[in-house]
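Please read the structure below before turning to the comments.
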Amino acid sequence: MKNIHKTLLLLGSMAGLSASFAETPNIIIIYADDVGYGDLGCYGATGVDTPNLDMLAESGVRFTSAYATAATCTPSRYSLLTGEYAFRNDDAVILPGNAPLIIDPAKPTIASLLKSNGYATGLVGKWHIGLGSPSEPLDWNGEIAPGPREVGFDYSFHMAATGDRVPSVYIENGRVIGLDSGDPMEVNYQEPVGNDPTGISHPQLLRTQADEQHAKTIVDGTSRIGYMNGGNSARWTDTEMPDIFLGKAVEFIESNVEEPFFLYYAMHENHVPRLPHPRFRGASSLGVRGDALVQMDWSIGHLLEVLKVNGLDENTLIIFTSDNGPVLYDGYYDGAMQLNKEHRPSGPWRGGKYSAWEGGTRMPFITYWPGTVESSISDALISQVDLLASLAALTGVEVPEERATDSQNLLDALLGKTEVGREYLIEQAVKMEAIRKGPWKYVPEGEVTNRGKIGKFYTDTIAAPGALFYLPEDPGEENNLAHLYPAKVEELKALLDKEVGA
Ligand code: NG6
Ligand code: CA
């Protein structure tokens, strides 16, 4: 395998690539779910300890202006993998668990590019960008395709969508694991299928009560979004999920010690339902939301150990970030809001998941590569959409023309060699987009969606000509300066319109 890899690089160099600079470290993207900027110790968390992530941040680069492309999961994940802003794809909205794949397999992804360059590629964890083809309904009892394999992953072990959505089963290399052919499974988001109890019919069976949207089929004592029937032997146990994903991530690493690998480790923490393993109960003072963060950090510590034991630690680039901002209450009455105390999950930023305020997309973001990445804190402006072009540049693989055009090569910033990042980036929120350029942030006229008190969404109304903030002095986006700087408003509005379409 190693030899093949070198040959490919040579071909790359004949095609005019700067192959002499290409390196082929192992690459692990650890993608957390709903973890906010302020949720890690190294970003100021209180009430929860994250020593392993703090160590990564201390030895690597800790970014302060790194963004998910969107304030919700599906669009951010789409962008991360494809190098394309999700607002360019109308299908890239929060998907139900039975939605078809939204990545066109003809488009390159980080996985397919690295695979074409000799990497073994693996996905472990949350998928949530659809499975199956749009033209025919998916049979969960057969081959599940197209999916991760068709967009570049050699190996995959994942859930279909989210922890709070059916089907609550694991899929490995295109097959539901543990399925009994005598008990076929069925999934429906429109109407009930089968006779399983739901959160509405049997609330007494629930560990945690939920809102109506999350009160459909009960699996493992938790009601979900959507209905499922059958597949009983395949259904997951929530408290085991983090250890199962960790085990699969470790297996993938250990079976690829001899060749470069790319692992997309899409952890479930800190999405609802928050059901950490009992050994982490009480590990934080923030209730289950903090306990799940502690388990996430512990799992990452274990992964680091595995790399070390296998002699891979100095040959592995780790990138840690999250798909969207934090949320306390998100459908289950799990006490996260009541137990949050002084902790600020979005750090200094306003808003969180769903929101066009900074907390929606400004993410914790750490790069770690002992011996190569130098310890620093970086204010470089970067977006997760840039990972594709940057990792392609690192490994000497060419991005096909006219593909992944939103992705910029910010490799030097990622490696801590410069604090020069992008000029500007788009922040996609629910039903609107905002723009950050240099120190400025512009939110156009419209309604900013936010998760509020238990059970509620609320909106902040932005009047024409939109709101302009100077972030270095106003991280909380409280002082709208639009009337003072009309030219800046014009400039940012024009840029935003150019990108998202007026
Ligand atoms: C929303 C769910 C929320 C969560 C989210 C997806 C509500 C009322 N419900 O529809 O609980 O599942 O979808 O989260 O907001 S994400 O992180 O995968 O985008
Ligand atoms: Ca998410």
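One line per residue, one yes/no per condition, for (1) hydroxyl-bearing (Ser, Thr, Tyr); (2) modelled with pLDDT of 95 or more; (3) farther than 21 Å from VAL93 by Cα; (4) in a strand (DSSP E or B):
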{"residue": "TYR442", "(1), (2), (3), (4)": "yes, yes, yes, yes"}
{"residue": "GLU447", "(1), (2), (3), (4)": "no, yes, no, yes"}
{"residue": "PRO475", "(1), (2), (3), (4)": "no, yes, yes, no"}
{"residue": "LEU484", "(1), (2), (3), (4)": "no, yes, yes, no"}
{"residue": "GLU490", "(1), (2), (3), (4)": "no, yes, yes, no"}
{"residue": "ASP497", "(1), (2), (3), (4)": "no, yes, no, no"}
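In this structure, ASP139 does satisfy being over 16 Å from TRP236 (Cα atoms), of a type in the set (Asp, Glu), at pLDDT 95 or above and surrounded by fewer than 16 Cβ atoms within 10 Å (Cβ to Cβ). Taken as a whole, region 180-190 holds at least one residue that is away from ligand 2 (no atom under 16 Å from the Cβ), buried (at least 23 other Cβ atoms within 10 Å of the Cβ) and either closer than 27 Å to ASN26 by Cα or not small (Gly, Ala, Ser) (or both).
The single condition among (1) more than 25 Å from the chain's Cα centre (by Cα); (2) modelled with pLDDT of 95 or more; (3) part of a loop (DSSP other than H, G, I, E, B) that GLN204 does not satisfy is (3).
Scanning region 154-168 for residues that are among the aliphatic types (A, V, I, L, M) and either buried (at least 24 other Cβ atoms within 10 Å of the Cβ) or within 10 Å of VAL219 (Cα to Cα) (or both) yields ALA160, ALA161, VAL166.
Among all positions in region 280-290, there is at least one residue which is at pLDDT 95 or above and within 16 Å of ligand 1 (Cβ to nearest atom).
Taking every residue in region 480-502 that is free of Cβ contacts under 8 Å to residues at least 60 places away in the same chain and pairing it with any residue that is surrounded by 11 or more Cβ atoms within 10 Å (Cβ to Cβ) and assigned to a helix (DSSP H, G or I), at least 6 positions away or on another chain, the pairs with Cβ-Cβ distances below 7 Å are ALA482/VAL489.
Taking region 33-129 as the region of interest, the helices (runs of 4 or more DSSP H) fully inside it that hold 1 or more residues being within 16 Å of ligand 1 (Cβ to nearest atom) and without any contact (Cβ under 8 Å) to a residue 60 or more places away in the chain are 73-82. Exactly one of (1) surrounded by 24 or more Cβ atoms within 10 Å (Cβ to Cβ); (2) touching a residue at least 60 places away in the same chain (Cβ under 8 Å) is unmet by LYS341. Its number? Only one criterion is unmet by LYS341, namely (1). Taking region 422-447 as the search range and keeping residues that are in contact with a Ser or Thr (Cβ under 6 Å, 6 or more places away or on another chain) and of a type in the set (A, V, I, L, M), which one is nearest to GLY359 (Cα to Cα)? Ranking the qualifying residues of region 422-447, first place goes to ALA429.
Applying the criterion of being hydroxyl-bearing (Ser, Thr, Tyr) and within 16 Å of ligand 2 (Cβ to nearest atom) to the residues of region 291-342, the residue that is nearest to GLU269 (Cα to Cα) is SER322.
The values are calculated or read from the model by the stated rules, or taken from the named source; none is laboratory data. Note that the coordinates shown come from a computational prediction; the quantities given were computed from them, not determined experimentally. Neighbour counts are summed over all protein chains in view; Cβ atoms, including those assigned to glycine, are modelled from backbone coordinates with ideal geometry.
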